[in-house]
Each structure stands twice: as C-alpha cells, then as structure tokens.
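Report on the structure given below.
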Amino acid sequence: MADLFGGTAPAASPSELSASAPLADRLRPARLDEVVGQEHLTGPEGAIGRMVAAGKLSSIILWGPPGTGKTTTARLLADAVGLRFVAISAVFSGVADLKKVFAEAKEHARIGQRTLLFVDEIHRFNRAQQDGFLPFVEDGTVTLVGATTENPSFELNAALLSRAQVLILRRLDHPALSQLLDRAEAIEGRPLPLTPEARDALVASADGDGRFLLNQAETLYSVSFDAPLDPAGLSAFLQRRVAVYDKDREGHYNLISALHKSLRGSDPQAALYYLARMLVAGEEPLYVLRRLVRFASEDIGLADPQALVQCLAAKDSYEFLGSPEGELAIVQACLYCATAPKSNAAYMAMKAAWRSAKETGSLMPPQNILNAPTKLMKEIGYGKGYAYDHDAEDGFSGANYWPEEMTPQTFYTPTDRGTEKRIAERLAWWDARRGKD
C-alpha cells in the first residue's frame with residue numbers, strides 16, 4: 001500500500017482504509033493540491049500545475065530528498081490526466097520486469113489507454129537499463145516519471161535526461177511539516193501528547209522528511225502518557241532521525257563545497273557548522289583533513305604559511321589520538337584556516353607556471369646556471385659567469401636565470417595581506433635592484 005510520501009504498491013482510497021492502517025496511508029492526499037511543501041510545482045503556475053491544466057503530461061524526473069512526496073505526486077499526476085498508473089522500483093526490478101511492463105503498456109495503448117510508468121529509485125538502474133527506456137518513451141508507449149534522491153546530472157544518462165524534464169522537490173520546511181501534524185491530529189481526533197515546545201522539537205527532528213515525521217507521530221499515539229511530553233521527555237522517548245548523508249553521493253560534495261567556501265569567505269562559524277555536519281554524519285576525518293591541507297595551500301598560501309603547518313599538525317594529532325579526542329585538532333585547523341588572511345596567489349602562480357612550461361617546451365636554461373661536473377662541460381661554457389649570490393652585496397646578485405629565448409615572466413604576484421605584504425615588499429626591492437623599476 002502506498003503511503004503519503006513513498007511506496008509503489010496499489011493505491012487504496014482513504015475511505016477504504018481502516019483505522020488500523022498506518023497513519024501515513026490514512027493521510028495520503030487525494031488531490032495534487034493536498035500535497036504539502038511542493039506548491040512551487042503543483043500550484044497553478046508550477047510545472048506540474050500547468051501540465052495538469054493542459055491535460056498533457058511529459059516525461060519527468062522528480063528529484064528530491066526522502067519523504068518529500070515523489071511517489072504520491074506521481075500517482076496523483078496519473079489520476080489528474082487520466083493515465084493508467086504502473087509503479088516499479090529499480091531496487092527490485094530487472095530487465096524481465098521492464099519487458100513485461102512495456103508489453104502490457106503497448107496492449108493498453110491499442111485500446112486507447114496510455115500508461116504512466118513510475119520508476120522509484122531510477123538512478124539505481126545501470127546505464128544500459130536506462131537506455132532501454134528510450135524507445136518506449138519516444139514512441140509514447142509510456143510516460144516516464146522517475147524518482148531519485150540523487151543528482152540526475154551524475155546518475156542518469158544524458159539521453160534519458162534530454163527526454164525528460166527534471167523537477168526539484170524541496171525539503172519540507174517547518175510550516176509544511178506542522179501542517180502534516182495538524183492533519184494527523186485531525187484524523188486521530190486528539191492532539192499529540194506534546195507541549196508546544198516538544199511539538200516544535202518533533203518537527204525539527206524530522207529533518208525535512210514527512211514520512212519520518214508521521215511515523216514518529218504514530219509511535220506517540222500508540223502509547224499513553226500521564227502528561228504531555230516536554231522536549232527532554234520527547235528526546236528520551238523517540239530516536240532522532242539520522243541526517244541524510246551518503247559519502248559517495250551528492251550530499252558529500254555539497255557539504256565539502258560549503259565548508260571550503262565558508263573557509264574562503266572567512267566565516268569561522270559557518271565553516272565549523274559544515275565541519276560538524278560532515279563529521280556527525282560519519283564522514284572520514286582524514287578526508288576532511290586532506291581538504292583542509294589543500295585549502296591551506298590554495299586559498300591561504302604565503303599570506304599565512306603557518307596554515308599549512310597547522311593542518312598537517314592536525315592530521316598528525318588526529319592519527320595519534322583518534323576519535324573523538326583528535327577531532328578537536330581538526331576543529332582548531334578549521335578555525336585557523338577560516339580566520340587566516342586569504343590569498344590564492346600561490347595557486348594562480350602554479351597554474352600560470354604550468355601553462356608556461358607546457359608552451360615553452362624544452363628551452364635550455366642560460367649557460368651561467370648550468371651544472372658543470374666534467375671538464376668538457378666547463379670548456380663549452382657551462383657555469384661560466386655564474387654569480388654566487390652569497391658573495392654579492394646584500395646577498396643578491398641580480399643575475400638572469402631565464403632561457404635566452406624567453407623573456408622573464410611573472411607568475412607569482414603576492415597580495416597585500418598577511419605575510420605576503422612583506423613578501424611583496426621584498427620582491428619589489430629585488431626588482432628595483434635588477435633595474436626593472
């Protein structure tokens with residue numbers, strides 16, 4: 001039986017459901033305008049609202065977090081435009097199942113009944129299986145509605161994406177989740193056994209997942225309490241939902257991107273928040289440390305050379321102490337990087353130097369700085385005229401170190417922030433001694 005936000009079993013109308021049916025089933029919307037939190041799609045100006053008004057549905061991919069209404073939306077779409085609804089799950093279905101679905105859809109098409117094929121977890125089909133949908137989508141045998149929690153750009157074939165419109169379902173916000181609880185209390189005929197503060201805590205604990213919220217509400221209704229629970233009592237009674245985070249999926253890349261950009265933007269509070277999000281969700285601490293080490297060179301560089309030292313020290317500390325004690329060293333490195341002066345001059349210098357090296361090929365350095373370990377090499381001029389800088393006044397000879405066929409280049413331009421300000425002054429002094437200024 002389908003619930004409010006997921007599942008692929010045959011639907012039953014609310015009137016057919018007994019009081020013993022799961023709460024989420026009994027609250028399943030009967031119309032698209034009853035789906036909460038997705039008004040940007042189901043409203044009159046939304047993509048789904050416009051399709052329904054036109055009576056014509058194109059193939060779509062519903063992309064959103066768990067518990068946001070993907071399955072329910074697909075089923076109601078079929079009802080709204082008069083299509084036969086067939087649902088399969090990519091987790092449990094194979095090629096044989098797909099062939100059977102397509103064959104049945106062709107038979108129904110012959111009598112004028114078109115089919116909406118809902119594929120839950122469509123990203124779990126491999127590339128070849130995804131390609132198998134194409135001819136049946138193109139000839140109108142089925143209207144495909146796929147559901148995925150993963151970024152379609154990464155998980156779905158380009159050919160399939162080009163034939164479907166991607167619609168993004170939003171994580172349910174506090175008002176939408178509160179509305180679900182209002183409906184639950186109305187159908188149960190009694191309020192939840194919670195204080196107002198505990199009710200807000202229950203909503204927050206769902207982390208945007210409507211299905212999880214209703215399951216928690218059903219658990220609360222199944223037990224008798226002497227008095228409404230406060231937040232502490234609720235926390236002791238229910239388990240908090242574990243944050244959605246797959247270490248090889250988009251959530252992983254979104255959070256490390258947010259951490260990196262918060263560090264770059266010198267916001268230690270936000271950086272610490274995203275660091276905590278990753279570590280609390282089970283991210284490998286050494287992965288985070290590797291990213292911090294990279295950040296220290298890419299975004300701080302010589303503006304504060306100690307940033308790299310701090311990050312490497314944090315890595316050593318974590319390996320020495322382990323979790324959870326060693327995580328404090330990661331926090332220290334994170335805060336150091338966030339509050340350090342920023343410069344990407346070293347990063348830009350690297351890119352420019354690498355580009356120049358590829359363009360200039362194998363130009364010979366000037367002979368005065370070539371090594372001359374043999375008599376022959378000395379006789380042909382290797383090392384001749386080399387000025388030993390330590391013998392020069394101020395320890396600086398001002399000699400030319402560039403190939404004769406190449407004019408001197410400027411790859412590294414220090415900023416006026418942190419240590420680089422002093423480096424810039426030193427470079428300017430050397431340039432003046434070379435006669436550049």
Hey, could you pull the Cα Rg and Dmax for the stretch 156-238, both in Å? 16.9, 59
In debye to the nearest 20, how big a dipole does the chain give about its Cα centre with +1 on each Lys and Arg Cβ and -1 on each Asp and Glu Cβ? 1060 debye
Proportion of all alpha-carbon pairs of the stretch 264-348 beyond 16 Å (%): 47 percent
Where the only charges are on Cβ atoms (+1 Lys, Arg; -1 Asp, Glu), what is the dipole of the stretch 98-212 about its Cα centre, to the nearest 20 debye? 480 debye
With Cα extents along the principal axes in Å in mind, check (1) 100, 62, 39; (2) 70, 48, 38; (3) 85, 59, 43 and report the label derived from this structure. (1)
Can you tell which of 312, 326, 341 lies farthest toward the positive end of the dipole of the stretch 270-356, using +1 and -1 charges on the Cβ of basic and acidic side chains (Lys, Arg; Asp, Glu)? 341
Of 153, 297, which has the most accessible area and how do the rest follow, probe 1.4 Å? 153, 297
Please give the FRET efficiency for residue 269 paired with residue 153, using the beta carbon to beta carbon distance and R0 = 30 Å, rounded to the nearest 0.05. 0.45
Any chance you could look up the accessible area of residue 42 with a 1.4 Å probe, heavy atoms only, rounded to 10 Å²? 20 Å²
In debye to the nearest 20, the charge dipole size for the stretch 149-286, taken about the Cα centre with +1 at each Lys and Arg Cβ and -1 at each Asp and Glu Cβ, equals 380 debye
If the chain between residue 111 and residue 393 were fully extended at 0.36 nm per residue, the gain over the current Cα-Cα distance would be 91.8 nm
Using the Karplus equation 6.51 cos²θ - 1.76 cosθ + 1.60 (θ = phi - 60°), what ³J(HN,Hα) coupling, rounded to whole Hz, does each residue of the stretch 293-307 give in order, writing x for Gly and Pro? 4, 4, 4, 4, 8, 6, 10, 10, x, 7, 5, 8, x, 6, 4
So what is the accessible area of the chain per residue, in Å², with the probe set to 1.4 Å? 53 Å²
Taking 20 °C and 1.002 mPa s as the conditions, I'd like the Stokes-Einstein D for the stretch 45-96 in µm²/s, using the Kirkwood hydrodynamic radius from alpha carbon pairs. 171 µm²/s
Quick one: helix 268-280 against the long Cα principal axis of the chain, what's the angle to the nearest 10°, folded into 0 to 90? 60 degrees
Quick check: at a probe of 1.4 Å, how many percent of the accessible area of the chain sits on carbon and sulfur atoms? 54 percent
Compute the acute angle (0 to 90°) between the alpha-carbon long axis of helix 250-264 and the principal axis of greatest extent of the alpha-carbon atoms of the chain; round to the nearest 10°. 40 degrees
Show me the three semi-axes of the equivalent ellipsoid for the stretch 311-422, from the C-alpha gyration tensor (sqrt of 5 times each eigenvalue), largest first, rounded to whole Å. 42, 19, 17
As a test of the formula, what do you get for the chain when each DSSP H run with n ≥ 4 contributes -39,500 (n - 2.57) and the sum is divided by the residue count, at 222 nm and rounded to the nearest 500 deg cm²/dmol? -14000 deg cm²/dmol
Quick one: how many Å² of residue 376 are accessible to a 1.4 Å probe, rounded to 10? 110 Å²
Accessible surface of residue 375 in the full protein assembly, 1.4 angstrom probe, to the nearest 10 Å²? 150 Å²
Over the stretch 312-375: Kirkwood hydrodynamic radius from C-alpha pairwise inverse distances, Å: 16.2 Å
Violations at 31 Å Cα threshold for listed pairs 351/378; 315/351; 261/351; 342/384; 70/315; 70/99 -> 351/378; 342/384; 70/315
Would you be so kind as to identify which of 102, 152, 268 lies farthest towards the positive end of the dipole of the chain, taking Lys and Arg as +1 and Asp and Glu as -1 on Cβ and the Cα centre as origin? 102
Sort out for me the Cα centre separation of the stretch 54-104 from the stretch 258-337, rounded to whole Å. 43 Å
Give me the Kirkwood hydrodynamic radius of the stretch 163-312 in Å, from all C-alpha pairs, to one decimal place? 18.4 Å
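The values are calculated or read from the model by the stated rules, or taken from the named source; none is laboratory data. Worth saying up front: this structure is predicted, and the values here are computed from it rather than measured. Virtual Cβ from ideal backbone geometry, glycine too; neighbours counted across all protein chains shown. Surface accessibility is based on the protein's heavy atoms, side chains included, excluding ligands, DNA and RNA. Shrake-Rupley method; radii C 1.70, N 1.55, O 1.52, S 1.80 Å.
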